[in-house]
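Report on the following structure.
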Amino acid sequence: MLTSVRWINDYLDPPATADEQAELATRAGFPLEGREDIALPDGTDVCQDFEMTSNRGDCVSHVGLAREIAAISGRHLKIPHPAPSVAGPPAGTLVSVTNREPRRCPLYTARIIRGATIKPSPDWLRDRLLARGEIPRNNVVDATNFVLFELGQPTHVFDLAKLAGPEIIVRMADEKESFLPLGEGERAITLTTDDLVIADRERAVALAGVKGGGLTAVTENSTDLLLEAATFDPVTVRNTSRRHGIASASSYRFERIVHPGQVNGAAERLAEIILEIAGGELCRDVVADGAPIPERRRVSMRMDRCRQLLGVSISDEQMHEFLDRLGFETHPTGERIECLVPVTRPDIEREIDLIEEVSRMFGHDRIPVEETIAVRVAPPQPTELARRAVADELVGAGFIEAVTHTLTDENSAEPFRPNDASLLRVDDDRARSSPILQPSVLPGLLHVRRYNADNGVGPLRLFESAAVFHGHGQEHTERIALGLVMDAEDDTSGLRPLRGVVERLATLLRGPETTLDVRPDEKTAWLAPGATVELDGERLGRIGRLAPAVARRFELDPSPLVAELFVEEMYASFPPDTEAQPLPAFPAIERDLSVVVADDLAWTDVNAAIVGLELDHLDAIDFVTTFRGGSVPAGRKSLTLRLRFRAPNRTLTHEEVGPPVTCVIETLSSRFAAEVRG
């Protein structure tokens with residue numbers, strides 16, 4: 001922010017030297033970046049450049065910096081209080097204002113001055129602008145620049161006679177609408193429907209918050225003026241400025257938030273200055289349109305909390321005084337200070353913001369710095385422990401962790417969109433090629449697999465834990481999912497290699513007593529074959545082989561095995577409660593059974609049937625393998641299982657195990673039409 005020392009002193013009593021201004025502004029948080037002596041017709045001035053943070057738009061002005069300097073030093077702040085004389089007819093009889101975009105333009109105001117004389121600016125105004133490197137134009141244009149750099153409120157003046165209607169319409173530009181910016185040598189630009197413009201009845205006459213138009217500019221022949229003072233959405237201004245490569249002091253200020261509550265004061269200041277230096281009469285009333293002006297924000301601060309965080313003893317009275325100097329309206333309420341925040345301070349939202357203001361006024365350099373600080377390392381959260389344990393388990397199983405982008409392209413995302421959800425799109429030009437928030441972790445992993453395949457990398461196992469996003473009307477959900485991609489080295493193994501990995505993860509996260517159920521699923525379009533995974537009766541996710549049509553989208557052949565598991569709740573309850581069991585004192589007897597059953601029979605059904613028999617001494621039932629083809633008829637499969645028998649107090653005999661095994665065979669035969677293989 002370029003400032004004039006003499007200009008800042010217009011608002012300080014007593015005045016401050018250039019060195020004092022630099023030192024006080026630096027203490028307030030605005031360090032000096034440069035200084036230059038300026039020769040003026042009536043003497044000399046000093047131009048100083050102060051660094052500004054993006055959240056302090058209020059200090060991109062001489063009054064704003066003067067307020068900081070006055071608050072730090074205890075000087076009196078002299079703020080102008082404009083009261084322009086009104087003499088003309090109602091402004092509403094001369095012009096109309098229609099605001100079609102109150103969200104992008106919360107407030108637009110228009111005032112009319114008739115009979116003004118355009119001429120060079122007086123010496124005081126010219127010198128103030130020259131001191132900060134501006135080029136004086138004429139008294140009216142210079143007045144708008146003066147108000148911008150005095151109060152931080154951009155304004156604009158139109159030649160009323162050049163406005164069609166005369167009428168002002170705040171609207172979005174038409175596609176390929178032409179606009180000629182203000183300035184010598186400027187060329188017409190082509191607008192888009194994303195640009196907010198100020199238009200008259202026939203055309204765009206200003207690029208809202210960025211640049212005025214050349215066709216309605218004030219010239220030496222202008223007499224009747226329309227004074228614009230408004231506020232615009234910072235994002236809209238920023239996007240338009242960058243889209244067309246047009247930056248201005250006004251756009252710089254609007255990008256840092258101009259509150260609607262400060263618009264009218266600046267407009268009255270501009271009207272007062274123009275009446276003083278250009279003459280004419282100010283018409284009665286203000287023509288305005290927009291949203292209701294929001295109420296000033298209220299924020300409270302606990303005084304003890306302030307002392308605790310800063311580590312210094314500051315009295316309640318000092319805190320009140322500091323905040324009052326900065327323009328806050330303070331009201332003590334017991335142990336708190338209730339503050340009405342100035343409209344110029346949108347950066348003040350929470351208690352900690354007020355504590356920072358107190359710290360600045362007290363002086364950061366006066367806050368003691370301890371040579372040592374006590375640190376207690378907190379144990380990792382359960383979710384982090386679970387994430388690490390899962391990663392270690394998968395790495396041990398030969399998987400490699402991938403970290404992919406959250407955004408993907410629509411072609412990759414669409415196959416993984418749930419039927420009851422929509423894709424979420426990011427409205428950002430930088431994400432033009434990949435604007436979709438991933439509905440699944442798998443698209444990113446599949447792109448990684450294809451990249452490695454293109455570079456000759458052989459069998460690969462990948463995993464990633466990341467957020468996935470689904471739209472549901474006006475709402476959306478975000479969940480943590482674990483994605484697995486695994487090349488199948490043996491096509492005859494089916495889903496067993498990946499199922500084994502999922503079973504190991506289930507045991508890790510829920511303990512050895514957990515029950516994993518994998519059931520065929522023909523409804524998931526991106527799997528063929530596919531299955532749903534349930535853990536202790538709760539839906540965990542899906543597992544299967546990537547459908548050929550989806551694999552072709554990612555140029556993968558053959559299709560890999562994939563899984564997507566929603567593990568967030570299991571992460572939160574990690575580690576599982578486990579109980580140590582004594583080692584068995586006596587050996588077990590195992591019997592393997594191979595039975596031919598229907599191909600769609602689930603292992604969980606077989607397991608439940610055997611458990612329901614409540615056989616004596618049955619210690620465990622284990623799945624061994626399945627086999628299809630060969631002598632096994634089509635539509636059926638050979639299922640091999642292992643029964644383990646053990647007594648707690650003695651060694652069993654083979655004769656004791658025979659009857660229970662026979663019972664199992666009879667049950668499987670009667671319930672599932674199972675045939676024992678020889």
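The values are calculated or read from the model by the stated rules, or taken from the named source; none is laboratory data. What you see is a predicted model, and the numbers here were worked out from it, not measured in a lab. Cβ: placed from backbone, ideal geometry, glycine included. Neighbour counts: every protein chain shown.
Tabulated data
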item: Breaking point among (1) of a type outside the set (A, V, I, L, M, F, W, C); (2) modelled with pLDDT of 85 or more; (3) over 22 Å from Phe574 (Cβ atoms), for Asp491; result: (2)
item: Some residue of the stretch 86-105 being crowded, with 21+ Cβ neighbours inside 10 Å, closer than 30 Å to Asp353 by Cβ and not assigned by TED's automatic domain parsing to the domain that holds Ile273; result: no
item: Residues of the stretch 204-220 that turn out to be touching a helix residue (DSSP H, G or I) at 6+ places or on another chain (Cβ under 7 Å) and not hydrophobic (A, V, I, L, M, F, W, C), as a count; result: 2
item: In the stretch 453-467, the residues that are within 27 Å of Ala389 (Cβ to Cβ) and touching a residue at least 40 places away in the same chain (Cβ under 8 Å); result: Leu460, Arg461, Leu462, Phe463, Glu464, Ser465, Ala466, Ala467
item: Enumeration of residues in the stretch 560-606 that are modelled with pLDDT of 90 or more, surrounded by 15 or more Cβ atoms within 10 Å (Cβ to Cβ) and not β-branched (Val, Ile, Thr); result: Pro560, Leu561, Ala563, Glu564, Leu565, Phe566, Ala588, Arg591, Leu593, Ser594
item: Residue within the stretch 117-125 that is within 42 Å of the chain's Cα centre (by Cα), in a loop (DSSP other than H, G, I, E, B) and not assigned by TED's automatic domain parsing to the domain that holds Asp13 present; result: no
item: Evaluation of Glu614 against (1) more than 28 Å from Glu675 (Cβ to Cβ); (2) not in a strand (DSSP E or B) (one fails), failing number; result: (1)
item: Yes/no for Ala549 being under 26 Å from Thr408 (Cβ atoms) and assigned to a helix (DSSP H, G or I); result: yes
item: Residue within the stretch 377-400 that is among the β-branched types (Val, Ile, Thr) and out of contact with any strand residue (DSSP E or B) (no Cβ under 9 Å at 6 or more places or on another chain) present; result: yes
item: Residue list for the stretch 165-190, filter: closer than 20 Å to Pro102 by Cβ and either of a type in the set (A, V, I, L, M, F, W, C) or in contact with a Ser or Thr (Cβ under 6 Å, 6 or more places away or on another chain) (or both); result: Glu167, Ile168, Ile169, Val170, Met172, Ala173
item: Members of the stretch 430-456 that are touching a helix residue (DSSP H, G or I) at 6+ places or on another chain (Cβ under 8 Å) and not in a strand (DSSP E or B); result: Pro435, Gln438, Pro439, Ser440, Leu442, Pro443, Leu446, His447
item: Qualifying residues in the stretch 457-475 (those that are assigned to a strand (DSSP E or B) and out of contact with any strand residue (DSSP E or B) (no Cβ under 6 Å at 6 or more places or on another chain)) - the one nearest to Pro418 (Cα to Cα); result: His472
item: First in the stretch 378-403 and of a type in the set (S, T, N, Q), second anywhere and surrounded by fewer than 16 Cβ atoms within 10 Å (Cβ to Cβ) and in a helix (DSSP H, G or I), Cβ under 7 Å, 6 or more apart; result: Thr383/Ala572
item: Extreme residue, modelled with the lowest pLDDT, among residues of the stretch 1-56 that are over 28 Å from Val358 (Cβ atoms), surrounded by fewer than 15 Cβ atoms within 10 Å (Cβ to Cβ) and charged (D, E, K, R); result: Asp42
item: Long-range neighbours under 9 Å by Cβ, at least six apart or interchain, first residue on the phi > 0 side of the Ramachandran plot and in the same structural domain as Tyr252 (by TED's automatic domain parsing) within the stretch 133-159, second in a helix (DSSP H, G or I) and not acidic (Asp, Glu); result: Gly152/Gly57; Gly152/Cys59; Gly152/His62; Gly152/Val63; Gly152/Gly64; Gly152/Arg253; Gly152/Gln262; Gly152/Ala266
item: The stretch 388-406, residues that are part of a helix (DSSP H, G or I), touching a Lys or Arg at 6+ places or on another chain (Cβ under 9 Å) and buried (at least 18 other Cβ atoms within 10 Å of the Cβ); result: Leu394
item: From Thr383, Thr333, residue being in contact with a helix residue (DSSP H, G or I) (Cβ under 6 Å, 6 or more places away or on another chain) and either modelled with pLDDT of 90 or more or not acidic (Asp, Glu) (or both); result: Thr383
item: Sole exception among (1) at pLDDT 95 or above; (2) on the phi > 0 side of the Ramachandran plot for Arg203, by number; result: (2)
item: Qualifying positions in the stretch 22-44 - touching a Leu at 6+ places or on another chain (Cβ under 8 Å) and not small (Gly, Ala, Ser); result: Thr26, Phe30, Ile38, Leu40
item: Matching helices (runs of 4 or more DSSP H) fully within the stretch 227-313 where at least 1 residues are more than 20 Å from His81 (Cα to Cα) and touching a residue at least 60 places away in the same chain (Cβ under 8 Å); result: 234-244, 249-254
item: Restricting the stretch 522-559 to residues that are farther than 20 Å from Leu446 by Cα and among the hydrophobic types (A, V, I, L, M, F, W, C), the residue that is surrounded by the most Cβ atoms within 10 Å (Cβ to Cβ); result: Leu540
item: Subset of the stretch 625-678 (residues that are surrounded by fewer than 15 Cβ atoms within 10 Å (Cβ to Cβ), under 15 Å from Val597 (Cα atoms) and small (Gly, Ala, Ser)); result: Gly629, Gly630, Ser631, Ala634, Gly635, Ser669, Ser670, Ala673, Gly678
item: Total residues in the stretch 538-590, condition acidic (Asp, Glu) and under 31 Å from the mean Cα position of the chain (by Cα); result: 3
item: Leading residue by the ranking (nearest to Glu590 (Cα to Cα)) among those in the stretch 627-668 that are among the small types (Gly, Ala, Ser) and free of Cβ contacts under 8 Å to residues at least 24 places away in the same chain; result: Gly658
